[in-house]
Amino acid sequence: MMATEETSTWNTLQRVILPSADQTDTISLYVDAGTASGIRLRENDELARTPKLPEEKLQMFSSGGREAHFEDLLTRSSMRVRSGEQISFGTYFNAFPASYWRRWTSVRDIRLVVKTNGSGTVSVYKSNARGSVQRVDGKHVEGAATSIFELSLKPFGDGGWYWFDLAASSQELLLESGQWEASDTGGQKGEVTIEITTMNKPDFCLNNARILAENPDVLTSVKEILIVDQGTLKVEDQEGFAEVKASLGGKLRVINQANLGGSGGFARGMYEAVENGSDYALLLDDDIVVEPESILRLRTFADHCRKPTIVGGHMFDLYNRSVLHTFGEVVDPYRIVPALPHADMDVRHDFSIANLRQTAWLHRRVDVDYNGWWMCLIPTKVIKEIGLSLPLFIKWDDAEYGLRAREAGIATVSLPGAAVWHVSWMDKDDLVGWQAYFHERNRLITTLIHSPYPKGGRVLRESVQSDVKHLVSMQYFTEHGRIEALRDILKGPEDLHNVLATKLPEINALKSQYSDAAVMDDVDDFPAPKLGRGPMGGTAVGMPSKKQIVPWGIKTVARQLIKAPGPESAERPQGFLAHRDNRWFRVAHYDSVVVSNAEGTGASWYQRDPKKLRSMLTEATRLHLQLFRDWEKLAEQYRAAVPEISSIDAWKKTFEAHSEDGS
């Protein structure tokens, strides 16, 4: 239904936004060229009711239309539609996520207001949870015009979006602005403390502070911008910092503290938001580029939620900016690992290949267990109720917090249309090296606290399997860290705050004992491999099947324990492996090999050592058996300790001990 007169006061829920001048590679996230038709679904199409088969998930769909002209994007809110062309705002950043507003807020009726100048048509569309596209309303416009469409959220119980298209007739059509509104209920707009935790990434931090300064509309809801600097390359020492700080009108504050990891930095942001009286703490990672409009959208959505709700943004690939990491994540309760909410969801969806209207699974509402702390808005009411982050340093702090909130009846929503660009997991490998300690320890802590299954379900079995994989891959430094994690788990939760600032230096001090921990910049820094075909006669080695895995493991471990490596393997590697080929079932056949790291910045020399394998495998087995025996007692200890170790008072003592100014 279309209205022409305003009869009450309206609040803006979401504004049309367009990419900034330096973001030409993100245009597909904001506007689409071409018609409004989406993927075609028959009424008897089983894909509408059941998950796609793996081979069908590989099928790519082209938008079928030309990409919008970047030169037609006039400002962050206005653009030109050329004569005879059509532009759709059924995109990630500009479609309205109706099902999320329907599920989590009390809003049931909205309106779309589109201001145009020129000759053409404004058409409104919606989708359902199956991804079917339906036309809702439309209007022909001439000259300066304001088109208002009244819309209901009632049909969006399981999924679906609203959006609009513009079509220019014989003359060009200018979009001056567009926004989705709801009737003003008189509710108070919350204040946000934005907190960025950083460790030696001052350029990223300064860039995001500059982005915020260039978008003053966003700052109206921001009480304070807080940078918790835990590095040695200080943000305050960067060229241009003083100018950026001045442009933020006194809202920017930097806290310098010892390196307490992500959990220590984010907990500081939570603490400060409670202390300064903010309604929300918005946690941001440091190695990101933020879409500033996302801050308004998260706060506005949280303001309208029926009860306090954690609201997070999505993550796009910083180096491939049209690629979405995931649309939402849950924790598999039997394995305690992140998982996708439903079977037909794709990881790393590329909107430049398949747009929103053509991708059926993007129209289903995704309900999550947690949102990554690359961008996550947490009400201070929630922080006061369930505490701050656990003192885990890094890894699993965000997932554990989401699970803790869920047990307290507090939901987490990953809100479409709010996002950052972040370095992709594809460009990292944090399961090896110093981070392996935190992965192992913190996953087990999360399992002890939250697993509903006896002995933690499958977690202990998978932990043993990971030990074997690292050991047969000659990753002895990594395994040393995992063994230390098991030892520390068995000590109980009392020392978690005490070791927060010391554990990483302890782990890094072990690097000198292991050749696989030494990273060289260039493969030419290593001896050249001897000419030959390498292990297995140079043939490719595939992953063992499920039936083969146990006998393969026994045979491989036995060979590495019994057969001594050739004397030449300590002098020259048998070959080089690119990171993508560094798989446990392939590396296990070498006695000595140089492998590159995920970042492409260096390489390490893996050398087989039967003595290390024997001692580490024995110790890991002993610790896992002890953990299995003591599981129930430890679970009770960790669960009982959560209120204390996550409390404001406990964290306050840690901050006082590790802040550079003592405050």
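What follows is calculated from the coordinates using simple rules that are stated; it is not laboratory data. All of these numbers come straight from a predicted model, not from anything done at the bench. Note that we place each Cβ from the backbone using ideal geometry, even for glycine, and neighbour counts take in every protein chain shown.
Residue order for His422, His349, fewest other beta carbons within 10 angstrom first, comes to His349, His422.
Measuring from centroid to centroid over Cα atoms, what is the spacing of the range 548-582 and the range 310-343 in Å? If we compute the Cα centre of each part, the gap is 34 Å. In vacuo Debye scattering of the range 539-588, one point per C-alpha: log10 I(q)/I(0) at q = 0.18, 0.19, 0.29, 0.32 Å⁻¹? Those come out to -0.74, -0.81, -1.16, -1.18, one per q.
Above 19 Å lies some portion of the pair distances; for the range 127-176, what is it as a whole percent of all C-alpha pairs? Tail of the P(r) past 19 Å holds 40 percent of the pairs.
Taking only the alpha carbons of the range 435-628, we obtain Rg and Dmax values of 17.7, 54 Å in that order. Modelled label positions at Asn320 and Ser512, each set 7 Å beyond Cα in the direction of Cβ, lie 4.1 nm from each other.
Which length gain, in nm to one decimal place, applies between Asp525 and Thr9 when the Cα-Cα distance is subtracted from 0.36 nm times their residue separation?
On the way: separation 516, 0.36 × 516 = 185.76 nm, distance 6.91 nm.
Answer, rounded to one decimal: 178.8 nm.
Across the range 435-628, C-alpha contacts under 8 Å between residues 6 or more apart give a mean separation that, scaled by the residue count, equals a relative contact order of 30 percent. Summary value for the chain: 13 percent relative contact order, contacts being C-alpha pairs under 8 angstrom separated by 6+ residues. Helix content alone sets the calculated 222 nm mean residue ellipticity of the chain: runs of n ≥ 4 DSSP H residues at -39500 (n - 2.57) each, divided across all residues, give -9000 deg cm²/dmol. Please say if the range 210-337 is rounded, prolate or oblate, where rounded means a/c under 1.5 for a ≥ b ≥ c the square roots of the C-alpha gyration tensor eigenvalues, and otherwise the choice is prolate for a/b larger than b/c and oblate otherwise? Because its axes are fairly even, with a/c under 1.5, the range 210-337 counts as rounded. Taking the Cβ-Cβ separation of Asp350 and Thr75 as r and a Förster radius of 25 Å, what is the calculated FRET efficiency to the nearest 0.05? Approximately 0.40, to the nearest 0.05. Taking other Cβ atoms within 10 Å as a rough exposure proxy, Ile211, Ile410 sort from fewest to most as Ile211, Ile410. Take the Cα of Arg108, go 7 Å toward its beta carbon, and none of the backbone nitrogen atoms of the range 402-426 fall under 12 Å from that spot.
The order of Asp229, Asp344, going from fewest to most other C-beta atoms within 10 Å of their C-beta, is Asp344, Asp229.
With the cut-off at under 14 Å, measuring from each backbone N in the range 627-642 to a point 7 Å along the Cα-to-Cβ line of Ala408 picks out 642.
Note that the chain carries a Kirkwood radius of 27.1 Å, evaluated over its alpha carbons pair by pair. Using R0 = 60 Å, the C-beta based FRET efficiency linking Ala564 and Ala144 works out to 0.10. At an R0 of 22 angstrom, the distance between the Cβ atoms of Glu275 and Glu385 translates into a FRET efficiency of 0.85.
Over the range 286-404, all Cα pairs binned in 5 Å intervals from 0 give whole-percent P(r) values of 2, 10, 17, 21, 22, 17, 8, 2, 1, listed from short to long.
Extension gain for Ala242 to Arg622 (0.36 nm times residue separation, less C-alpha to C-alpha distance): 131.2 nm.
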